[in-house]
1. With everything on Cα atoms, drop me the angle between helix 261-270 and the longest principal axis of the chain, reported from 0 to 90° to the nearest 10.
2. Quick check on the exposure proxy: order 428, 441, 262 from fewest to most C-beta atoms within 10 angstrom.
3. Using 0.36 nm times the number of residues separating residue 165 and residue 47, minus their current alpha carbon distance, what extension gain do you get?
4. Note the angle between two axes, namely the Cα long axis of helix 208-220 and the longest principal axis of the Cα atoms of the chain, as a number of degrees from 0 to 90, rounded to the nearest 10.
5. I'd like the distance separating the alpha-carbon centroids of the range 297-333 and the range 64-122, in whole Å.
6. Rank 26, 295, 376 by mean-square fluctuation in a GNM of the chain with C-alpha springs under 10 angstrom and give only the top-ranked residue.
7. Cut-off 10 angstrom, C-alpha nodes, Gaussian network model of the chain. Which of 113, 434, 159 fluctuates the most?
8. For 396, 356, which order do you get if you count the other beta carbons within 10 Å of each Cβ and list the fewest first?
Ligand code: GLU
């Protein structure tokens with residue numbers, strides 16, 4: 001096989017979310033595993049809804065995830081090419097003007113349905129004479145333009161879905177150009193895929209029907225259709241579609257919450273596949289494990305709880321050097337190697353270190369139950385002198401045990417609660433030296 005060339009083609013009408021990032025990731029993993037190329041195409045033919053800000057956001061998010069692109073271009077720079085392709089289709093009689101209004105089309109659909117027929121466009125416009133068209137245009141109507149499907153079966157072997165067959169006689173001729181002259185995505189995408197020599201179109205299964213029409217357009221324009229892979233859509237842990245929640249599942253939002261890019265990539269690369277969902281340290285590992293054959297046909301389940309647990313697993317393995325700057329940004333006192341090694345096991349998201357900064361360095365309200373008051377007063381007197389070290393906790397606990405006769409949970413829990421104000425947290429023998437003797441004593445005596 002020659003090296004693949006794939007493209008990820010988002011519209012800059014919003015932030016990237018887990019659904020489109022999964023498509024980007026699958027394209028990227030496939031291309032990188034075959035020494036291929038990954039092209040970022042900005043689908044901004046909808047000039048009203050596309051913004052520069054969203055386009056910048058797409059680049060920022062992909063870069064954050066590590067999904068670098070080998071080349072990038074915008075559709076809005078290529079209208080001349082689309083015009084040329086449209087002219088070519090017109091000359092071939094494959095692109096024809098239609099004058100029905102949205103209401104008229106709606107009426108036709110309803111009539112067809114009421115007669116038990118599929119609501120497929122009846123091609124009435126094909127019967128218009130030049131005079132008819134001139135008359136309609138004199139009335140102030142502008143045409144929209146439809147691609148004339150062959151009426152044949154279009155077949156391809158989808159890399160995810162297996163053999164596909166679409167009967168184009170069951171489809172309406174797709175509109176390629178709107179009444180206002182703007183392009184829908186269908187034609188520009190094919191023109192670009194031909195020019196960029198795309199070998200594989202990898203996208204969500206909501207595009208399967210488009211593929212039927214687009215394969216015909218590829219052929220009409222003298223290209224060969226690329227191989228195709230249509231991946232099942234994402235659903236939530238509740239089994240419902242994610243569409244309403246995609247805003248909160250945008251990369252901007254996940255990054256702001258402190259998620260690690262590899263947690264996002266690990267989850268999105270593995271859900272809906274035959275591999276186990278497990279944290280991976282690098283994209284290289286995901287590349288090595290990628291195979292279209294592993295992607296199932298059922299929807300892929302995106303569970304935020306699973307994302308959080310992968311994030312925790314990744315965080316716990318991150319060396320200080322990798323997080324130093326981010327820790328400093330949370331709090332300068334967190335940017336300390338010992339501190340990080342002590343608290344990371346207790347963080348699912350990096351910004352949670354802020355809480356442990358407070359626990360170690362801040363004003364902690366110690367928790368002492370009424371029945372533990374004397375016990376804590378005794379313990380305070382036994383706190384080892386001098387600088388506290390990794391051995392201080394056990395030496396102290398042994399001394400307190402000998403003096404009070406307490407052991408196990410009854411011994412350790414009141415000490416932890418008095419020192420940290422919490423029942424859970426990092427290993428006390430590591431935490432105590434960080435808290436230091438002065439603060440420890442103040443908390444025990446408060
Ligand atoms: N802009 C299209 C979308 O986001 C691209 C689809 C495709 O990959 O062909 O759905």
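Read the figures in this text as sums done on the coordinates, not as results from a lab. Note that the structure is predicted; figures quoted are calculated from it, not measured. Here the Cβ is made from the backbone with ideal geometry for all residues, glycine too, and neighbour counts use every protein chain on show.
1. Orientation of helix 261-270: about 60 degrees from the principal axis.
2. If I rank by nearby Cβ atoms, fewest first, I get 441, 428, 262.
3. Gain on extension, residue 165 to residue 47, equals 39.1 nm.
4. 50
5. Each part reduced to its Cα centre gives a spacing of 42 Å.
6. Evaluated over the chain, the most mobile residue of the options is 376.
7. Of the options given, 113 has the highest mean-square fluctuation.
8. Final ranking by Cβ density, sparse to dense: 396, 356.
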